[in-house]
Amino acid sequence: MPHLGPREESPIPLHRAFYIKLGKGGAWELDSIASHIMRIGWPGSPLADINSHNWDAIEHKLRGELSHQGTATRDVNALREIVHSTESDVWITFHGSRLWWCRLAPGPVEEDKVSKFRRVHGQWSDRDVQGRVLLIADIPGLLSQLQGFRGTVCVVRAAERLRRLLNAESSAPFQAVTRARETLVGAVQSAIGELHWKDFETLVDLLFRQAGWRRLSVLGETMKYADLELEEPITAERYQVQIKSAADISDFVRYRDQFEGRGFRKLFFVVHSPTPKLAQEQSGSSVELVLPARLAAMVVDAGLVSWILAKIR
């Protein structure tokens with residue numbers, strides 16, 4: 001599947017937006033994206049009538065082909081939007097679990113052995129202006145729900161949401177919640193430093209188990225290299241966790257050099273009070289350093305703020 005980046009400078013203007021289903025069951029999605037075109041149907045409508053905007057003749061013919069007269073009117077209106085669309089319009093579709101968007105190039109509707117089509121200005125893109133992939137799982141439901149539209153073309157009524165999405169802009173509520181979360185994470189980071197070492201061990205154990213990992217060892221059991229041994233339930237891969245209230249770079253290097261796997265995929269070295277030098281250290285492929293800022297974010301995401309509050313009251 002092609003992976004295409006943004007084609008336009010930021011910000012991307014958006015006056016009107018439309019969703020199009022590229023073929024029955026999405027049969028023309030990949031070809032349209034790869035060929036920089038937008039394939040459309042209407043095989044029984046002469047190309048000359050389409051490009052001369054002979055809508056009465058097109059609708060009359062469709063009414064003879066379709067049993068439902070409202071469908072004929074809807075089809076003509078959809079075809080009219082495609083024909084009259086300019087570079088100021090944005091068209092979107094969905095393919096490969098992503099949202100794709102384009103603008104149409106000036107020019108008439110064309111036809112080949114497959115279908116009628118219009119050429120795309122530049123190319124289809126599955127990225128926003130910052131180059132981030134527009135995964136369907138990460139976009140607003142007001143946009144992703146368009147996948148269920150049964151016709152060929154519809155207006156994107158959540159055009160402002162789409163404009164923000166393509167321009168990597170966030171809404172005012174999103175910004176407010178983000179600021180509040182950052183403040184909370186900072187406060188939790190300070191609170192973690194107040195924990196007794198035994199409570200800190202328990203917190204780390206809770207964090208990993210909240211993430212769904214199974215504990216294989218007893219917390220606090222004497223082990224040569226780790227305080228926790230864990231298993232990821234889906235893959236059955238095993239991990240070790242070394243927990244330190246305070247540590248410097250020499251502690252980290254010692255544990256890193258001692259860890260040789262021994263049937264474990266990775267060692268997590270978790271510390272809430274690192275020395276400045278340790279705080280600048282980078283994780284390796286086999287030993288991952290978990291520092292206070294990341295730890296605090298994990299606590300917030302796991303819903304363990306109340307647990308910490310009870311321990312530092």
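Observations
- The chain: angle of helix 249-258 to the longest principal axis, Cα-based, in degrees nearest 10: 80
- Radius of gyration, Dmax [segment 81-222; alpha carbons; angstrom]: 24.1, 76
- The chain - accessible surface per residue (Å², probe 1.4 Å): 52
- DSSP-defined antiparallel bridges as percent of all bridges, the chain, nearest 5: 60
- Using C-alpha pairs under 8 Å with a sequence gap of at least 6, the mean separation divided by the residue count of segment 38-93 gives a relative contact order of 28 percent.
- Each residue, E232 and S286, gets one label point 7 Å from its Cα in the Cβ direction; the gap between the two is 1.7 nm.
- Relative to the longest principal axis of the Cα atoms of the chain, the long axis of helix 197-210 makes an angle of roughly 30 degrees.
- Extension gain for K311 to R150 (0.36 nm times residue separation, less C-alpha to C-alpha distance): 52.5 nm.
- The angle separating the long axis of helix 55-65 from the principal Cα axis of greatest extent in the chain is about 80 degrees.
- Spin-label proximity, S97 to segment 113-148 - amide N less than 12 Å from point 7 Å beyond Cα toward beta carbon: 135-138
- Length-normalised contact order of segment 129-244 in % [C-alpha pairs under 8 Å, at least 6 apart]: 14
- Fully extended contour minus Cα-Cα distance, from F174 to N54, at 0.36 nm per residue: 38.5 nm
- From most to least packed by mean Cβ count within 10 Å, the peptides 105-114, 250-259 give 250-259, 105-114.
- Cα→Cβ-extended label distance, 7 Å offset, between A105 and R262, nm: 6.4
- Surface share of carbon and sulfur [accessible, 1.4 angstrom probe, percent] for the chain: 51
- R74 contributes an accessible area of around 120 Å² to the protein surface, as traced by a 1.4 Å probe with all chains present.
- Rg/Rh ratio calculated on Cα atoms of segment 40-155 (Kirkwood radius): 1.00
- When the helices of the chain are scored as -39500 (n - 2.57) per DSSP H run of n ≥ 4 and the total is divided over every residue, the value at 222 nm lands at -11000 deg cm²/dmol.
- Computed on segment 4-157, with alpha-carbon pairs under 8 angstrom and 6+ residues apart, the relative contact order is 36 percent.
- For segment 115-192, convex hull of alpha carbons as volume per residue, Å³: 141
- Karplus-derived 3J(HN,Hα), 6.51/-1.76/1.60, for each residue of segment 292-309, Hz, glycine and proline x: x, 4, 5, 4, 5, 5, 4, 4, 5, 5, 7, x, 9, 5, 4, 4, 5, 4
- Segment 17-107: mean projected area of Cα convex hull, nm²: 6.3
- Spherically averaged projected area in nm², based on the convex hull that wraps the Cα atoms of the chain: 21.9
The values are calculated or read from the model by the stated rules, or taken from the named source; none is laboratory data. Owing to the predicted nature of the structure, the values given are computational and were not obtained by experimental measurement. All Cβ positions, even for glycine, are placed from backbone atoms using ideal geometry, and neighbour counts span all protein chains on display. The area values use the complete protein model at the heavy-atom level, side chains included, leaving out ligands, DNA and RNA. Shrake-Rupley method; radii C 1.70, N 1.55, O 1.52, S 1.80 Å.
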